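No lab work stands behind these numbers, since they all come straight from the coordinates. Bear in mind the structure is a predicted one, so any value in this text is a computation, not a measurement. Using ideal geometry, Cβ is built from the backbone for each residue, glycine included, and neighbour counts are taken over all protein chains shown.
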Amino acid sequence: MKVEIHTLFQYLLDTTEAEPEAFIGFSLSESPKLGDFLADLDPELRLDWNQSSFRGLPELRQHVLAQAGLTNICQPDDVLITAGAAEANYLAFLQLVQPGDEVVVERPGWPQAEVLAKAVGAKLVAVDRGEAQGWALPLDALAHAITDKTKLIFLTNPNNPTGRMMPEAELHAIANMADRVGAWLLVDEVYAGLEWAGPRAPSIAGLYPRGITIGSVSKALGLQGLRTGWLICPDATLVQDAVILRENASEIMNILGETIAEIALRPARLTAALSSARQTALETLGRLDTYIAKEPGLSWHRPQAGLIGLARLANDIDSDAFAQRLLADPYRTFLLPGSCYGLPNHIRVGVGGGANSQLDLGLTRMSELLANWQN
Ligand SMILES: Cc1ncc(COP(=O)(O)O)c(C=O)c1O
């Protein structure tokens, strides 16, 4: 199996050293500092494997179930702590999908499934989300895409990059479609926790026996550098298979990541962190929404959850050319072109990162570029 690079990662690699002065693309809340956790850390902590379980610290797995609303529905042994949501997706995908299997994905969506399907030799079947419908996933098209050969349906909720949410009724409908053909249903919930249009959607691991919930502390809590995520699934064999593959990848979880994530997910601390992130994000999202409404070069559907959304560039402007010109002098502003999601006339905009992102400066410069585009 050889993994080929995807456009999105290629863009990040190409721009790593660009040193932008402003970002309109931050997808995570402002990151806490190590000092915020020192008072709760034990200096005697041994920096070895957690000594108790290959699935991750038991208290952390309890918190993971609690934040997903699964405390009385799933068991702590249904949870595997991983090196971020990215590893959780990887472990589930590789242990389930064989060459020739069909994998159903959404477009736009998180590209990891597409990359892995190509590497494994599986057939990718993409279902287009409808922009005119606020990026809703069309369930009739999804039903059509699912066949007897479908091994895995891979979705995000909230969706990366549009912030569209699938409510409980849709999740049940999709689980029924998966059940009819015995397919696995993975829902990557890495953007959950900052919902603007209603409650957090229920986790698929509590709705469907072959449902796999993926999450992490990366986005709403801004703790991406901890590399701590999880997979939750009521199927013991799937979790065990993931443990086995992980033994041959990152082997064990990093103890510092587990320990800090356990502190961050303690109920009182989590509630406070989410409420502060929510307050900042709502205010910033409001500013971005007003900006886009007034900017003739852009239009969008405001995200229903999370910190990122997809905006359409007017006049069929090419997103690659736009992002590159915006990143260069004199604008020096970073955002992701929609080409990373197969949408060449859109851009991904985000309101995370706090004051360091210099969002307002970036928006001013983006307006200048839009006004100067033909020059
Ligand atoms: C949908 C989605 N899944 C997974 C990841 C990876 O997250 P983590 O940092 O938890 O590995 C990302 C990161 O951007 C993402 O957007």
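Can you list the lysines whose alpha carbon sits under 17 Å from that of Lys149, skipping same-chain ones fewer than 8 residues off? In chain and number order, the partners are Lys118, Lys123.
Summary of the geometry: region 61-98 and region 116-133, compared by the centres of their Cα atoms, lie 23 Å apart.
Semi-axes of the equivalent ellipsoid for the chain, computed as √(5λ) from the eigenvalues of its C-alpha gyration tensor and ordered from largest down, come to 32, 26, 19 Å.
Proximity of backbone amide H atoms, modeled 1.01 Å from N, is registered between Leu28 and Gly352, Gly353 at under 5 Å, excluding neighbours fewer than 5 places apart on the same chain. Remark: relative contact order (region 1-94) = 16 percent; criterion is Cα-Cα distance under 8 angstrom and separation of 6 or more residues. Exposure proxy ranking for Trp373, Trp300, based on other Cβ atoms within 10 angstrom of each Cβ and starting from the fewest, stands as Trp373, Trp300.
When shorter helices are ignored and each DSSP H run of at least 4 residues is given -39500 (n - 2.57), the per-residue value for the chain at 222 nm works out to -11500 deg cm²/dmol. Beta bridges per DSSP, both residues in the chain: antiparallel share near 45 percent.
Here the Karplus curve 6.51 cos²θ - 1.76 cosθ + 1.60, taken at θ = phi - 60°, turns the phi angles of region 97-103 into couplings of 9, 10, x, x, 5, 9, 10 Hz, with x standing for Gly and Pro.
Arranged from fewest to most other beta-carbon atoms within 10 Å of their beta carbon, Leu116, Leu13 become Leu13, Leu116.
Taking every C-alpha pair closer than 8 Å and separated by at least 6 residues, the mean separation divided by the residue count of region 42-268 gives a relative contact order of 27 percent. Here the chain is treated with +1 on each Lys and Arg Cβ and -1 on each Asp and Glu Cβ, and its dipole about the Cα centre works out to around 440 debye. Expressed per residue, the C-alpha convex hull volume of region 266-354 stands at 116 Å³.
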